[in-house]
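All remarks here apply to the structure that follows.
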Ligand SMILES: [Zn+2]
Ligand SMILES: [Zn+2]
């Protein structure tokens, strides 16, 4: 069991279940000390089943703040969002950055409303993905890169372009001192499946984390909870870690995500 988690969704996104309070109670039962909520950030266009509606944002904020207060003797709770880096939505992202305790980058599409990262298959798209990460890091948008290897969900093989993407992301992580996440969500839940050059998890991907290990990147674990019960099992954590077994990864057990977020916000805004 892990002691803290900054990657937690709520049912507002339309593909997670359970009440907000159930996530808190499950986290406490699991012995966690810090719980960060990071539901999928809304944009000005509704995307049901993918992210919360903008109309639900204030309810999300007040619910998390209420739980923060009510459970303060048992667990530290933080308000965050998982956002994409969309230049077209920058004003909204800036507003979120100011209001949240922290933010994580989960780049699920390259451009708002199109080019889904779950369907990428060519090297040019990997390069675009890296560009989004670079923009987010260099503009202090986020405090962690969630599932850095997300494009490997669909990318059919491990080739030179994948290694280049891994190196670029590793260099950015070191340059901006932003941790990369070992994600225990969908990739681990789907399990090993077949690609052009063999079988592997959709993510995390060993070859990519091998590069992160070589470059000594900061690494953290994210449960990516979409169900309160995700905190009560180690099954997916172990699946993710098994895929990376033997790598010399600098896994931080208690990264100072909130303290670092404060500094990044001061620096930029
Ligand atoms: Zn989700
Ligand atoms: Zn997530």
Task: Filter pass, residue 130 being farther than 17 Å from residue 7 by Cβ, surrounded by 19 or more Cβ atoms within 10 Å (Cβ to Cβ) and within 16 Å of the chain's Cα centre (by Cα) - done: yes
Task: One residue from 212, 231 being under 28 Å from residue 164 (Cα atoms), touching a strand residue (DSSP E or B) at 6+ places or on another chain (Cβ under 7 Å) and part of a helix (DSSP H, G or I) - done: 212
Open item on the list: Looking only at residues that are in a loop (DSSP other than H, G, I, E, B) and within 18 Å of the chain's Cα centre (by Cα) in the stretch 155-201, which one is nearest to residue 238 (Cα to Cα)?
Closed with: 184
Task: Test result for residue 125, without any contact (Cβ under 8 Å) to a residue 60 or more places away in the chain, crowded, with 17+ Cβ neighbours inside 10 Å, more than 16 Å from ligand 1 (Cβ to nearest atom) and closer than 30 Å to residue 155 by Cβ - done: yes
Task: Filtered residues of the stretch 214-233 (kept if in contact with a helix residue (DSSP H, G or I) (Cβ under 9 Å, 6 or more places away or on another chain) and away from ligand 1 (no atom under 15 Å from the Cβ)) - done: 214, 215, 216, 217, 218, 219, 220, 221, 229, 231, 232
Open item on the list: It is to be established whether one or more residues within the stretch 238-249 are without any contact (Cβ under 8 Å) to a residue 24 or more places away in the chain, under 21 Å from residue 143 (Cβ atoms) and more than 16 Å from ligand 2 (Cβ to nearest atom).
Closed with: no
Open item on the list: Can you go through 68, 72, 94, 3 and tell me which one is under 22 Å from residue 263 (Cα atoms), out of contact with any helix residue (DSSP H, G or I) (no Cβ under 8 Å at 6 or more places or on another chain) and surrounded by fewer than 18 Cβ atoms within 10 Å (Cβ to Cβ)?
Closed with: 94
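FYI, it's all coordinate maths here, none of it is from the lab. Predicted model, so just to flag it, every value in this text is computed and none were measured. Methodologically, a virtual Cβ is constructed for each residue, glycine included, from the backbone with ideal geometry; neighbour enumeration extends over all protein chains shown.
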